[in-house]
Amino acid sequence: VQLQASGGGLVQAGGSLRLSCAASGSLNGMGWYRQGPGKQRELVALILRGGTTNYANSAKGRFTISRDNAKNTVYLQMNSLKPEDTAVYYCNAFEGIFSYWGQGTLVTVSS
């Protein structure tokens, strides 16, 4: 399974960005992780095929994850961005014990 992420960029604090990630196959779970400068990779949000979602506390109320099962694509709408959201965002998809990663996309939030 291959994952192709897009949508990163430079945005001012308070702005919005939408990340997209298309998978080459259908998997139950899809989500986003991020790794900020000098930090470990952390979960941002994930969504299961049936629509169940899980968000990191830092993302709740500002980010929305969604998916189009017909397109095997997951989206992350990020609003009210903060400088601390600056990170490389990685798409992840999993099915059972199998986990796949996309290339990272850089999100930079300027103050």
Identify the residue in region 69-107 that is over 13 Å from residue 30 (Cβ atoms) and among the acidic types (Asp, Glu) and, among all such residues, is surrounded by the fewest Cβ atoms within 10 Å (Cβ to Cβ).
84
Take residue 13 and decide whether it is in contact (Cβ under 8 Å) with a residue 40 or more places away in the chain, open to solvent by less than 60 Å² (accessible area, probe 1.4 Å) and in contact with a Ser or Thr (Cβ under 8 Å, 6 or more places away or on another chain).
yes
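Output the residues belonging to region 1-17 that are part of a strand (DSSP E or B) and over 19 Å from residue 63 (Cα atoms). Write out each step before concluding.
So the first thing to find is which residues in region 1-17 are part of a strand (DSSP E or B), and the list is 3-6, 9-12, 17.
Selection gives 3, 4.
Would you point out the residue of region 18-45, among those that are free of Cβ contacts under 8 Å to residues at least 60 places away in the same chain, in a strand (DSSP E or B) and of a type outside the set (A, V, I, L, M), that is most open to solvent (accessible area, probe 1.4 Å)? So that I can check it myself, show each step before the final result.
Restricting attention to region 18-45, the residues satisfying the condition of being free of Cβ contacts under 8 Å to residues at least 60 places away in the same chain are 20, 22, 24-26, 33, 36-45.
Still in the list and also in a strand (DSSP E or B): 20, 22, 33, 42-45.
Applying the additional criterion that residues be of a type outside the set (A, V, I, L, M) yields 20, 33, 42.
On the way: 20: 28, 33: 58, 42: 79 Å².
The extreme case among them is 42.
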In region 24-40, which residues are over 12 Å from the mean Cα position of the chain (by Cα) and of a type in the set (D, E, K, R)?
39
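Does region 59-68 contain any residue that is open to solvent by less than 20 Å² (accessible area, probe 1.4 Å) and farther than 23 Å from residue 13 by Cβ? Walk me through it before giving the result.
Restricting attention to region 59-68, the residues satisfying the condition of being open to solvent by less than 20 Å² (accessible area, probe 1.4 Å) are 59, 63, 65.
From what's left, farther than 23 Å from residue 13 by Cβ: none.
Within region 59-68 (the criterion being open to solvent by less than 20 Å² (accessible area, probe 1.4 Å) and farther than 23 Å from residue 13 by Cβ), the answer is no, since none of the residues qualifies.
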Among the residues of region 79-97, are any among the polar types (S, T, N, Q), under 24 Å from residue 111 (Cα atoms), in a loop (DSSP other than H, G, I, E, B) and in contact with a Lys or Arg (Cβ under 6 Å, 6 or more places away or on another chain)?
yes
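The values are calculated or read from the model by the stated rules, or taken from the named source; none is laboratory data. Note that the structure is predicted; figures quoted are calculated from it, not measured. Because the Cβ atoms are built from the backbone with ideal geometry, glycine has one as well, and the counts that use them run over all protein chains shown. Side chains are part of the model used for accessible areas, which takes the heavy atoms of the whole protein and leaves out ligands, DNA and RNA. Shrake-Rupley method; radii C 1.70, N 1.55, O 1.52, S 1.80 Å.
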